[in-house]
1. Per residue of the stretch 238-248, in order, report the coupling 6.51 cos²θ - 1.76 cosθ + 1.60 (Karplus, θ = phi - 60°) as ³J(HN,Hα) in whole Hz, putting x for Gly and Pro.
2. Size of the dipole of the stretch 188-266 about the Cα centre, Lys and Arg at +1 and Asp and Glu at -1 on the beta carbon, nothing else charged, in debye to 20?
3. Note down the nm distance, to one decimal, between modelled labels 7 Å out along Cα→Cβ at residue 237 and at residue 436.
4. Go through the stretch 145-154 residue by residue and turn each phi into a ³J(HN,Hα) via Karplus (6.51, -1.76, 1.60, θ = phi - 60°); whole Hz please, and just put x for glycine and proline.
5. Measure off 7 Å from each Cα along the Cα-to-Cβ vector at residue 300 and residue 586, then give the distance between these two points in nanometres to one decimal.
6. As an exercise, use a Förster radius of 30 Å and the Cβ-Cβ distance of residue 185 and residue 159 to find the FRET efficiency, rounded to the nearest 0.05.
7. Using alpha-carbon positions, what is the distance between the centroids of the stretch 624-642 and the stretch 290-349, in Å?
8. Using R₀ = 51 Å, calculate the FRET efficiency as 1/(1 + (r/R₀)^6) where r is the Cβ-Cβ separation of residue 256 and residue 113; round to 0.05.
Amino acid sequence: MAGRLPPGDDLLLTESGFAMLITGQGRPLGVLVADEVASRDHLSECALILAAITPSAGAALSPLLARPVITDSSTSAPAPGELGALLSAAIADSHIPSAVIELPPTLGAATPTIRHANRALWTFLGHDPDIGAASPPAMTDVDCEALSQAAQGHPTEHAFTLPSGGSRWGLISLTRIGDDSPAAARLRLLQIQDITPRRSAQAELAHHSRHDPVTGLPNRDLLLDDLARRITEDRNAGHRTALLVLDLDDFKSVNQSLGRHGGDEYLRGVANVLRGVLRPGDSAAHLGSDEFAVVFAAVDDATTAVSLSEQLRSELAAGVAVGKSTISAAASLGVAVSRGRMPPPKLVAQAESAMFMAKRQGGNTWHLSTGHNVPSTERTVTIEADLRKAIAEDQFELRYQPVFPLQEGAALVEVEALIRWQHPVLGRMMPDSFIEVAERRNLMPAVGEWVLRAALSQAAEWQAEFGARTPQTAVNVSTKQLGTGRLPGLVADCLDATGVAADLLQLEVTESQIINASSPAAAELDALADMGIRIAVDDFGTGHAGFQYLRRLPIRVLKIDKTFIDDICTDPTDLAILTGIIALGRSLQLTLIAEGVETIDQLTLLRELGCDLGQGWLWRPALRPADAAALFGVPEAQVRAQ
């Protein structure tokens, strides 16, 4: 309905209904809007209901009717029984699941009583409408918290259990319909909007964000979550957890001979072989390209893990079903076994290092990780040599993760550039597989320069195509790049070469870099800020930075580490920490970005706390440039729904 009620008027007609000012004791109480009113008879029913609520409402509607319904403003409201009957008649033919219910004196002490309900409600609840009308089932399926929220005027989402065993999601709203008399005060009009399709779409989107679309297996993010839970459970039970990472030795040739669709079928066949060897408690994941992982639960020692790995290798060699054919699969397997409170990323790194060694030994074999905290000397030397070649041969590529404002309706404002290594033998490698070696062998300045130049070249293309809609590009700065005296000059040179505006670049430094920032490093940050570049603190909260660092350095953005986001909906401590971080950022007038946002509940809470921006799998993982560009100008809610 467009427009507002004219001052002094009680009623505004629309094409299909009306809007009416509700008053009480001489002052406005609110506006009631009715839409899709099919006929004058329906208007008459509306007037009867409104007259029961407030005499002035019925009086305001009277001019619309051929016969007056209530014209005397002194007419008293009907008795509760009459009121229920009026409402029952009014909602009988409505397609909206509706009922007149009576709340118990204390929610939780008893269940609400259904006084009148329409057929749409019984259908929604999975009951035969005729049987439901004759013998209304109790509303035991609606928990007290949901009813309490709805009774306070906050529509509440709730999952209703159907007699068939399934479930249906509804948005519950309760409207008070009686006066203050004891008999009528607890009467409510219950209406339920069926939101099952939306909730199903959200669940499907959440599933897709954590599973590989080709094989249906969990992806790397879900693997890390499952691995953390499994390590804890096995440790508490006196066992250990083994992780196997395998890389298919022959996938490139299979993909070339069978084509893309045949290659996907081959990967699905491998996934089925993995599923076939899983024991209760085990799980498998597809890490990307031709790399898979298997979590072996409750192993007693490395011997058990190796035995299970050899069994899997033999199953793959026996053949993978691809259509009507069977293809023998060779794989390099890396095995690592947990120790104590080992973080999942560390166990993954050890298993991947072991897989790398198996690959270097000629493939089609397994290698057991020694469990050292740092990569072996042999692996380090090999990675270093390959990295130098990668820099020279341009084997890197960038992916871009979108960053969205958290206010509703806003579109993407930033992308974070993230490096990937397309290794000629091992396939695509994530940063945690090689960045540590690059840092230790002083290769990060060269790698970092490649990232900066590539990111700004892409930003220049976007700037030419999208103009004012071009988002900022965030680039991570390595510890080895900061404090050398070269960074401001390098950035200025890249900006000049590409023509990208300085305010489209954001440089991100970790909190540990800020804490340990030397005077030269601080001077470099000042120089970069003077150029118009935004400086952001990445992984904020993990390095215990104090106020003095944030005040001394030209920081404009705080990126809140994912570890403080994961459990904010269930852990009061994490919520308190997050609240404090946001309050700190606001007091310093800094922009706040939440990393690793994965659920609607997290998004809702972050909005309530006043966080500015967010990035994570709730919207998208890191994307190819063209896929990222497709999101420019698209509202964040629409991105979530796609």
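1. Working through the residues one at a time gives x, 10, 10, 10, 10, 10, 10, 10, 10, 10, 6 Hz.
2. Values: 11 positive and 13 negative charges, 97 e Å.
Magnitude of the dipole: close to 460 debye.
3. 2.8
4. Ordered by residue, 3J(HN,Hα) equals 5, 4, 5, 4, 5, 5, 5, 8, x, 10 Hz.
5. 5.7
6. Using R0 = 30 Å, I get an efficiency of 0.55.
7. Taking the Cα centre of the stretch 290-349 as reference, the centre of the stretch 624-642 is 36 Å away.
8. Working: r = 70 Å, r/R0 = 1.36.
Computed FRET efficiency for residue 256 and residue 113: 0.15.
The values are calculated or read from the model by the stated rules, or taken from the named source; none is laboratory data. From a predicted model like this one, the values you see are computed outputs, not experimental measurements. Positions of Cβ are generated from backbone atoms using ideal geometry, with glycine treated the same way; all protein chains shown enter the neighbour counts. All accessible areas refer to the heavy atoms of the entire protein, side chains included, with ligands and DNA or RNA removed. Shrake-Rupley method; radii C 1.70, N 1.55, O 1.52, S 1.80 Å.
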